[in-house]
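Bear in mind these aren't lab numbers, they're just calculated from the coordinates by the rules spelled out. All values derive from a computational prediction rather than experimental measurement. Neighbour counts run over all protein chains shown; Cβ positions are idealised from the backbone, glycine included.
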Amino acid sequence: MKQILVFILFASLFCWLLFSPIYKYVVLTRQAVIQQEVDFLLEVGASGRYGYIDNELIGESKKRLTSLGFNTDKLQYTITSSLNYTPTLQQRLPRGEVFIVEISYPYEKMFLIDLLVGIEPFGEHERMRSYGVKMSEYVDQNE
Amino acid sequence: MYKFIIYPILIVLLLFTSLDQLSNHAALIHYYSYKYAVNRATHAAAMQLDKEALADGHIVIDEYEAQLAARQLLNLNLEKDSYTITFFEVVHVESENVPYHYVNKQWNIELYLYKPAVILVISTELPHMIKSKPSFLWNIFGTSEVVSSFK
């Protein structure tokens, strides 16, 4: 009887201890993965051959993230530049200006388990963000 | 009764080990975000060519503009005041003595350069999630050669 009582007393705490670190790792890893995606988009987009990041590149990026378990509909890409427009194939970003890329993704229910020990979790719609800025290398050969 | 002693000890132990691992993992991610920022800063700095020298056919990095660009890119990529620039150098490599052997004993840097380059070291600190543990300290090094399609 006493043992069952002790177990019930500690049950939620044990659950939290065992499973919450795993959720934290998932959050950290997701953050790292979208950061990597930002780095990759910048590396390609800012290179001399491209000078833009358009929907085709974003589509490829979404495909890569889907294979790692992300939900494409919830991914949000924000691509701007120091010239305040989104560079496209028709309007590439010239050398010396910077690309600004941000990818965000909701935390979803990753922190819900913290309720077990009385910590108020993040809202479901709070988003993790990854951000990067790189200078464009593109030079228009016709100029 | 002994369970009331063993359980709390176990809980504290579990908590500290998982917090320690989490902190190490977060530190690794943190480090790489800074490393990428340094790479982008040197990349931008190496694109600041001296236009007058370029008109004469020489590829020379404008040191003042390079430093401005590096600072700008670091500011854009990282939080303000979370780092300090500890070393910045523009290396002028003449095309006659390529590959140029660059050695810096102070920062333990050894490079073979083929084009003019920018070298940057920033230092940054990240506190450990467990307060009693020492915080993570890094000197992060990055370099870029001039970005150009011509030789």
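Side notes on the structure shown:
- Additional length obtainable on full extension of the chain from A:Asn55 to A:Leu68, 0.36 nm per residue less Cα span: 2.7 nm
- R0 of 22 Å, Cβ-Cβ distance B:Tyr32-A:Thr88: FRET efficiency to nearest 0.05: 0.15
- Other protein chain C-beta atoms within 10 Å of residue C-beta, averaged over A:132-141: 5.
- Ranked by how many other beta carbons lie within 10 Å on average, peptides B:133-143, B:68-78 from highest: B:68-78, B:133-143
- Applying a threshold of 29 Å to the alpha-carbon distances of B:Lys80/B:Lys133; B:Lys105/B:Lys131; A:Lys62/A:Lys134; A:Lys24/B:Lys35; A:Lys109/B:Lys3; A:Lys63/A:Lys109 flags B:Lys105/B:Lys131; A:Lys109/B:Lys3 as lying beyond it.
- Dipole check for the range B:3-145: with +1 at the C-beta of Lys and Arg, -1 at the C-beta of Asp and Glu, and the Cα centre as origin, the magnitude is about 1080 Debye.
- Counted by Cβ distance under 11 Å from A:Gly48, the other residues give a net charge of +1, where Lys and Arg count +1 and Asp and Glu count -1.
- Longest exposed-site-free window of chain A, the sites being trypsin sites (Lys or Arg not before Pro) in a DSSP loop that have at most 12 other C-beta atoms within 10 Å: A:50-108
- Here the sum of -39500 (n - 2.57) over DSSP H runs of 4 or more residues, divided by the residues of chain B, equals -14500 deg cm²/dmol at 222 nm, to the nearest 500.
- For GluC sites (Glu not before Pro), the sites in the range B:24-105 that DSSP calls loop and that have at most 11 other Cβ atoms within 10 Å are B:Glu79, B:Glu94.
- Helical runs (DSSP H, four residues minimum) scored at -39500 (n - 2.57) apiece and divided by the length of chain A put the mean residue ellipticity at 222 nm at -14500 deg cm²/dmol.
- Spin-label model, A:Asn142/B:Asn104: points 7 Å from Cα along the beta carbon direction are separated by 4.2 nm.
- Cα-based Rg / Dmax (Å) for the range A:10-135: 18.0, 63
- With the charge dipole of the range A:10-135 set up from +1 on Lys and Arg Cβ and -1 on Asp and Glu Cβ about the Cα centre, the Cα lying farthest toward the positive end among the listed residues A:Leu57, A:Gln35, A:Thr78 is that of A:Leu57.
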